[in-house]
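The structure appears right after this line, and notes come after that.
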């Protein structure tokens with residue numbers, strides 16, 4: 001495989017468009033900067049194929065697969081660590097998302113992560129903050145997507161408030177303007193529906209305040225281009241979006257009576273089906289949050305994904321920052337977490353994973369699982385591992401995709417107790433679970449007790465643990481626990497053999 005060491009790529013499976021961006025990393029004395037060198041956009045309108053019962057239709061899926069095949073050709077020479085693909089609202093809610101994603105990953109050639117709304121918001125802010133001039137005050141970033149709208153208040157590169165609301169240009173257009181017809185009453189109803197959603201966050205956001213409002217990505221840029229090109233903005237404003245500009249665009253749309261009859265400079269055909277929905281949401285945003293003017297940037301989620309990838313490659317992984325925050329929040333016994341993590345990783349290293357990238361990622365997940373395996377103690381000691389897994393699965397965890405969280409939750413859930421609860425689960429990482437469970441079992445005394453040399457091996461369908469016989473004789477509780485552990489693995493059809501050495 002030919003690799004491009006200074007290139008990173010992000011793929012965004014949005015509800016309206018699928019996008020690919022390739023960026024070149026430039027190192028400067030002040031830090032790293034990413035410059036866009038290539039971009040592709042496909043108006044897939046995946047959200048338009050979502051039925052009332054949340055099922056993606058075949059036509060929208062095929063459009064998505066075809067687009068990803070073309071993206072896959074562009075990324076053919078990229079190493080997996082140089083590419084991150086994320087999916088947003090439509091694939092968060094679609095009941096048949098898994099079926100679509102299996103074929104989508106084959107088409108693209110890389111894994112696709114379905115990210116939560118707040119994770120999307122975090123990445124959007126990272127992209128926007130890196131693409132606009134530095135500002136001393138707070139920024140409000142609003143990103144109207146196809147199926148959701150993200151609202152972020154941040155300072156410099158740090159988000160303060162992040163929310164994702166279920167209103168988007170595709171879903172709003174389908175609900176209020178299904179045939180493209182626009183009149184005064186329907187437009188006002190669409191605005192009011194958007195305002196009702198935004199009211200959930202408006203009090204807190206207005207109390208925090210901001211010095212600069214920014215509309216990011218597709219809808220905001222499309223609206224700004226129309227308003228700028230047709231001279232709709234308020235007097236003296238040549239760029240961005242003014243409230244008066246939005247009102248003039250609304251009047252032009254109502255006068256045309258149907259979006260397909262609208263004749264304006266810079267109106268792109270692929271934006272026509274979602275224009276009325278996007279405009280009504282932006283009007284609701286301006287009115288509910290009291291905005292008179294917003295700058296715009298085309299960079300948002302995709303650029304944020306690139307900077308997140310860059311952070312991971314430079315060992316500034318946001319996931320590690322998140323885990324450290326959870327350890328503080330839930331009062332984790334840091335020494336015990338480190339003890340189990342180091343021991344689990346030492347076992348994993350003995351098993352000889354040949355792929356360096358896979359090995360490094362798995363080592364990180366073992367360390368994170370060890371750090372979070374006891375966070376459920378903050379709820380109750382009884383079945384604490386279930387509480388830990390629930391938190392890991394459902395909490396907002398910046399940097400972690402839903403796939404990451406599910407993976408982490410499975411390890412946390414399985415580190416103790418019966419294995420039968422995972423026997424029917426898909427994609428259980430039994431090797432990592434073996435290492436974590438053995439480390440937890442041997443660390444029960446919660447102290448550095450000077451363990452002997454312990455050798456672990458993979459056997460056919462299972463595992464072997466080799467321990468010195470004299471040490472086992474002096475530690476009867478551990479011996480008993482290992483026998484019980486072996487029986488637990490045998491119950492799910494995975495051989496587990498404890499071998500006593502030095503006999």
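The values are calculated or read from the model by the stated rules, or taken from the named source; none is laboratory data. Bear in mind the structure is a predicted one, so any value in this text is a computation, not a measurement. Cβ atoms come from the backbone with ideal geometry, glycine included; neighbour counts cover every protein chain shown.
Given the structure, is residue 470 over 24 Å from residue 337 (Cβ atoms), surrounded by fewer than 18 Cβ atoms within 10 Å (Cβ to Cβ) and in contact with a helix residue (DSSP H, G or I) (Cβ under 9 Å, 6 or more places away or on another chain)?
No, not satisfied.
Go through the residues of the stretch 42-51 one by one and say whether even a single one is exposed (fewer than 15 other Cβ atoms within 10 Å of the Cβ), in a strand (DSSP E or B) and over 22 Å from the mean Cα position of the chain (by Cα). Steps first, please.
Of all residues in the stretch 42-51, those exposed (fewer than 15 other Cβ atoms within 10 Å of the Cβ) come to 51.
The next check asks that each one be in a strand (DSSP E or B); those that pass are none.
No, that holds for no residue.
May I ask you to say which residue of 125, 166, 157 is surrounded by fewer than 20 Cβ atoms within 10 Å (Cβ to Cβ) and farther than 27 Å from residue 51 by Cβ?
157
Table: residues versus (1) over 19 Å from residue 119 (Cβ atoms); (2) surrounded by 15 or more Cβ atoms within 10 Å (Cβ to Cβ).
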{"position": "358", "(1), (2)": "yes, no"}
{"position": "377", "(1), (2)": "yes, yes"}
{"position": "393", "(1), (2)": "no, yes"}
{"position": "403", "(1), (2)": "no, yes"}
{"position": "409", "(1), (2)": "no, yes"}
{"position": "415", "(1), (2)": "yes, yes"}
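The rows are residues; the columns are (1) more than 26 Å from residue 115 (Cα to Cα); (2) buried (at least 22 other Cβ atoms within 10 Å of the Cβ).
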| residue | (1), (2) |
| --- | --- |
| 291 | yes, no |
| 294 | yes, yes |
| 308 | no, yes |
| 322 | no, no |
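Within the set of pairs 6 or more residues apart or between chains, which connect a residue that is assigned by TED's automatic domain parsing to the domain that holds residue 389 and touching a residue at least 12 places away in the same chain (Cβ under 8 Å) inside the stretch 342-370 to a residue that is surrounded by 13 or more Cβ atoms within 10 Å (Cβ to Cβ) and outside any helix (DSSP H, G or I) with Cβ atoms less than 6 Å apart?
Correct list of pairs: 347/456; 350/456; 351/458.
Looking at the stretch 182-190, can you tell me whether even one residue there is free of Cβ contacts under 8 Å to residues at least 12 places away in the same chain, in a loop (DSSP other than H, G, I, E, B) and touching a helix residue (DSSP H, G or I) at 6+ places or on another chain (Cβ under 9 Å)?
Within the stretch 182-190, none of the residues are free of Cβ contacts under 8 Å to residues at least 12 places away in the same chain, in a loop (DSSP other than H, G, I, E, B) and touching a helix residue (DSSP H, G or I) at 6+ places or on another chain (Cβ under 9 Å).
Which of the residues spanning the stretch 88-121 are part of a strand (DSSP E or B) and either more than 30 Å from residue 359 (Cβ to Cβ) or at pLDDT below 95 (or both)?
113, 114
Which members of the stretch 432-453 meet the condition of being touching a residue at least 40 places away in the same chain (Cβ under 8 Å) and farther than 16 Å from residue 485 by Cα? Even if it seems obvious, please write down each step before you answer.
Residues of the stretch 432-453 that are touching a residue at least 40 places away in the same chain (Cβ under 8 Å), as a first pass: 432, 434-443, 446, 448, 451.
Within the stretch 432-453, 446, 448, 451 qualify.
If a residue has to be assigned to a loop (DSSP other than H, G, I, E, B) and modelled with pLDDT under 95 to count, how many in the stretch 233-261 make the cut?
8
Tell me, yes or no, whether the stretch 393-401 has at least one residue that is in a helix (DSSP H, G or I), at pLDDT 85 or above and in the same structural domain as residue 481 (by TED's automatic domain parsing).
yes
Given the structure, is residue 278 in contact with a helix residue (DSSP H, G or I) (Cβ under 9 Å, 6 or more places away or on another chain), more than 24 Å from residue 195 (Cα to Cα) and crowded, with 19+ Cβ neighbours inside 10 Å?
It is false that residue 278 is in contact with a helix residue (DSSP H, G or I) (Cβ under 9 Å, 6 or more places away or on another chain), more than 24 Å from residue 195 (Cα to Cα) and crowded, with 19+ Cβ neighbours inside 10 Å.
When residues of the stretch 73-87 are filtered for being in a helix (DSSP H, G or I) and surrounded by fewer than 19 Cβ atoms within 10 Å (Cβ to Cβ), how many remain?
Qualifying residue count, the stretch 73-87: 4.
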